[in-house]
Every structure is written in structure tokens, then in C-alpha cells.
Amino acid sequence: MARQIQSKKSINLALVCGDGAPISGLLTTFRNVIDLISNSPNCPELISLPIATDLGYSWRPDKVAFFPRGPKETLYPSWLSVTDTTPVSYPEYGEELLRIRREVSQSEELTPEQRKLLHERIGAISAPYQQYFETWFEEKKIDWVCAVNMTLSDAVPVTNALHRAAEKRWGKGRPGGVLFWDHDLMKSCAVHEKNERVYPIRPNEFTPVPQAVPWHTWAVVSDVLFPETLLYPTELRASVVPNVLPILQKSDTEVRDQDLFSRFLSDFEILDGVNNGRPILLCPNRIFPVKGIEISIQVLAAIKSASMQRDLTQPYLLIFGDLEEDPEYAAELQALVRDAGLTDDIRFLGGVPLCSGIKGSKVVLDEKDLLCLAAASHGGVIYTPNTKDVESVGLGPALASIAGIPCVVSEFNALRQVYGDDLHCVLLDNISRESFDVAAKLLVNLMKISRLGSEDDSQRETWSKMVEHNKSLMLKKFPQRPWKGLLLRLARQGGIDEDVALQAQAALGLPGGISRI
């Protein structure tokens, strides 16, 4: 009797993220990617849920609050199944990982004997991680792995293990493989700790990179990164697949769940202020020094002064990040807030989850709902990186644009490369004290104009045109089609039925043929 071929309607995807944090812009963007399927009417599921996920807690000892099993309290969406497995554990394990990261970054200073020993130390950690990945992939029947920022050298033993486990699973022709999805690369991510680069300028003998093998696919998030990929020791060419922004319809910028939003505002003790007209400004960044949150705090001080001069209500600033991610930097920020007299004006949100809900005893809101609050209160966004050569995209201006609110942004290298010269925003020169005052006055004026009936018709019309221009610009700069095509390609190469692929192709609005992203 002939064996019946089993129909395959969707693929099993695993998410492996090298950031070692429960919340990040990378994960929010991943959620937006997954939403492309559910937001397309009549589109088949394509990806089975929940998605098996490892957020890198066990190999990022620099994320002290989350190493090695993650945060004490979590709020993961139902479509993620996050593991807290620790394949390696011994008293000096965290210190060893940090030593390896430092030596990999400064490998040119090592002697031949030290290089040999470093390879052995990397291998000692790689072996149990390889076994872990192999077992995990088999148990979850994984077709594709989405490996986020795993090309960076934060934990080369784990990246090495991922490469080897992938070759063992897919190297003999099994459908599927690994999508290396890089938001940062080594040279352009110029992060320093204690005056030393965290990442090497270029890949070296210790840093595995995507290769031209059938089970590797490589995508970077912007044209800014693509030239650097050409310098990597590989024949594989990366594709530029722009980030996907959250979809905000007009109704999404209106407060929908009054009770949820009121509880959130009450939990953070700002409900009365917002009800009395205080706008909400967002700082959409983690607690990470290169994000320049100290600059955003200084901008708020200038905005508060400008608002008082015009007898306007003073805004609140909601900072997305979790103070536990970098306690030393967090202490500096809290001291700055106190010294600037802004304690009543700033709230640290403790991280912004992938979905709104209850975390412990508090209401937490996701990125879309926070944008909704900022828009409903006629607020804005403050986005002020303090290092020009770290951000490869910088989504702060994009988030402000889709919500129809103004944005103060400091100059960074990728700003013009990603957004061009047509973005309407308030530019800040964070070196100039005068620039803070000018930027603050401009933002306060835009927030005032954005209130219906608050200014004359010509100003209101000019503002409306700026909003619509920015929204249209985001559609061009962050198109959905590349990711839709990549999702369809992964599903097809993962072995889904062709009739399902054709149905998805039509629902996603893609042309005929396999997308060549």
C-alpha cells in the first residue's frame, strides 16, 4: 500500500535572539513581521504558533538582571514560548563568557598559544549548546530558525554551536535552515565599555558568519549595513529587508480601552495630570548608554521651561527602558532626573512588552498603545542617540511619524541615509546648549498646533500636511512587501503545500513566482 504524503499547511519557526533581554526593538519588530500574516485577510497561518523562543538569557552575563534565566516577572504574548534552559552552568561561567568576548574583540593582540587556547575554551562551551540546539530543534520539529543579531560576537561559543547544529539538521537537504537577521554588524555597532570596543572591527577566525550554503539565508535591516556585509568572509550576499512598522489606523490613535489606559496612568501616578491636559512624550529606548537617554532628559528640562514661559501644560516623559538592564547607567539617569527637578515629570516604564496586559500588579502597555496615548494627549517622541555610529536605523522618528506626532531627534549617521532629507522633525545638536532651547520651543509649538482649534487655520493646515507627508514617507522607507516575500519564501522552502503557498501569495498581495528577496 502506497504511503500517504502528509499535507503541510505551516512551518515551525524558532526564534533565537542574541540580545539577552525580554524586551527590545528587535522583538517588537519581529511581532510586526508576524502580524503581517494575521493582518492579511484570507492568509493561511504559514507559521505555527506558539513560536519556540530563546532570548539569549543564558549567554549574556552583561545583562545582569536577566542572566541566566530571564527576569523574575514576565509578560510574554501567547504566540511566544520562551525557554529558560541553561545548557552551561558553573560558578565562573558568566565571567568566562565576558573574557571570551573581550579576547575575541582584541584577538590581534593574542599570541599563537593564546589563540589556540581561546579556540579550546570556545569549544568547551559550544559543545553543550550544540547538543541543546540539536535536541530543541528535533523536539519542536523546527523548519526554520530566525537568528536575530547572532552574527555579533556577544557569545561566539553559542553562535558556533548554532552553525554546527544547523548543519547537522539541514546540511543533508532537509527543507529549511537558518535566517540570520542582523540589525547590527560588528564595525558599525561601535559600542564601548570601559573605553574598549565590545565588538571587533571585522570578523576574525573566532567569529562565525553566514555562509553560501543552502541552509543559510542572510538579511540586514537597512542599506546602511549592506556595504559592511560585503567585507565579511563569505560568498553569501545579504538581502536588505527593512523593518516592519506597527500598523496604526486612524482609530488606533484614539483611546479604545478607557479602563486599561486609566489603570496604566493611575499605576504611574499621572492620570490626573493627563486628564488636566498634560501631554505624553515617549522615549522609545532601552536603558543602554549609547541610546542617549540623558540627552532626552535634558531635552525635557528645556521643554518644561518653554512650556512654562508660554503658560502651557508641561508634558510627562515616559522612558521605555527597564532600570535593571544597566544598573550603573540607570543610577546616573535617576540622579540627573533629581538634579534637574524632573522627578514628577519622568516615568521609567520598566520595559515595554510585546502585548499590553497585567505584569505582576501593574498594567503595562505595548508600543502601539503607548503611541496611542501620546497621540491622544497631543504629545510627541524624543529620540536622542549619543553615539553617531551605533544606530543602523533608529526607529524613533518612524514611530512618531506613523502616530502623527512630532519628534525631536539628535543627529546620527544613519538618520539621513535611512530617512532622507524629507523627514519633518525637530533636529537637535546635542553639543549646543542653545540648540536644546530652540528644539524645545519648536516641539512645544508643534504640540500646541496639533490640538484642534488651538491655532489659526493656516498653522493647523501646515501641521496636517507635515503629518501626512511623514506617514507617506514611512510607507516608502519601510515597505511591507520585502518581509511578506521573505515569509513566503521561508514557508515554501520549509516545505508547505504549494496550494497553501499560492493562497498566501494572493492574500499578501505578492506577484507570481517565488520571491527573490
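At a glance:
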quantity: Search result, residues across the range 371-393 that are surrounded by fewer than 24 Cβ atoms within 10 Å (Cβ to Cβ) and either under 17 Å from the mean Cα position of the chain (by Cα) or within 18 Å of ILE295 (Cβ to Cβ) (or both); calculated: ASN386, THR387, LYS388, ASP389, VAL390
quantity: Some residue of the range 18-34 being surrounded by 16 or more Cβ atoms within 10 Å (Cβ to Cβ), assigned to a loop (DSSP other than H, G, I, E, B) and in contact with an Asp or Glu (Cβ under 6 Å, 6 or more places away or on another chain); calculated: yes
quantity: Residue in the range 316-339 that is within 20 Å of GLY380 (Cβ to Cβ), of a type in the set (Gly, Ala, Ser), in contact (Cβ under 8 Å) with a residue 12 or more places away in the chain and touching a helix residue (DSSP H, G or I) at 6+ places or on another chain (Cβ under 8 Å) present; calculated: yes
quantity: Only listed residue being in contact with a helix residue (DSSP H, G or I) (Cβ under 7 Å, 6 or more places away or on another chain) and hydroxyl-bearing (Ser, Thr, Tyr), chosen from SER126, SER89, SER81, SER105; calculated: SER126
quantity: Index of the failed condition, ARG202 passing every other in (1) of a type in the set (D, E, K, R); (2) without any contact (Cβ under 8 Å) to a residue 60 or more places away in the chain; (3) within 20 Å of PRO482 (Cα to Cα); calculated: (3)
quantity: Count of residues meeting criterion [surrounded by 21 or more Cβ atoms within 10 Å (Cβ to Cβ) and assigned to a loop (DSSP other than H, G, I, E, B)] in the range 45-65; calculated: 4
quantity: Top-ranked residue in the range 375-432 [being in a helix (DSSP H, G or I) and among the polar types (S, T, N, Q); ranked as nearest to GLN314 (Cα to Cα)]; calculated: SER401
quantity: Criterion (under 30 Å from ILE142 (Cβ atoms), at pLDDT 95 or above and not in a helix (DSSP H, G or I)) met by exactly one of GLY495, GLY513; calculated: GLY495
quantity: Meets criteria (modelled with pLDDT of 95 or more, crowded, with 19+ Cβ neighbours inside 10 Å, out of contact with any Gly (no Cβ under 9 Å at 6 or more places or on another chain) and closer than 20 Å to SER40 by Cβ) for GLY485; calculated: yes
quantity: Search result, residues across the range 67-81 that are modelled with pLDDT of 95 or more, surrounded by 18 or more Cβ atoms within 10 Å (Cβ to Cβ) and of a type in the set (A, V, I, L, M, F, W, C); calculated: PHE67, LEU80
quantity: Options ILE23, ILE34; residue that is assigned by TED's automatic domain parsing to the domain that holds THR135, modelled with pLDDT under 95 and within 15 Å of the chain's Cα centre (by Cα); calculated: ILE23
quantity: Of the criteria (1) surrounded by 13 or more Cβ atoms within 10 Å (Cβ to Cβ); (2) in a helix (DSSP H, G or I), which one VAL145 fails; calculated: (2)
quantity: The range 64-99: number of residues that are under 17 Å from ALA124 (Cβ atoms), of a type outside the set (S, T, N, Q) and either without any contact (Cβ under 8 Å) to a residue 24 or more places away in the chain or touching a Pro at 6+ places or on another chain (Cβ under 7 Å) (or both); calculated: 9
quantity: Among the residues listed as ARG451, ARG416, ARG433, the single one being touching a His at 6+ places or on another chain (Cβ under 8 Å) and either surrounded by fewer than 22 Cβ atoms within 10 Å (Cβ to Cβ) or free of Cβ contacts under 8 Å to residues at least 60 places away in the same chain (or both); calculated: ARG451
quantity: Some residue of the range 217-239 being assigned to a helix (DSSP H, G or I) and within 27 Å of ASP62 (Cβ to Cβ); calculated: yes
quantity: Residue in the range 282-293 that is among the aliphatic types (A, V, I, L, M), more than 21 Å from CYS407 (Cα to Cα) and either surrounded by 18 or more Cβ atoms within 10 Å (Cβ to Cβ) or in the same structural domain as MET447 (by TED's automatic domain parsing) (or both) present; calculated: no
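The values are calculated or read from the model by the stated rules, or taken from the named source; none is laboratory data. The structure presented is a predicted model; accordingly, all values stated were derived computationally and were not measured. Cβ coordinates were reconstructed from backbone atoms using ideal geometry, including for glycine residues, and neighbour counts include every protein chain displayed.
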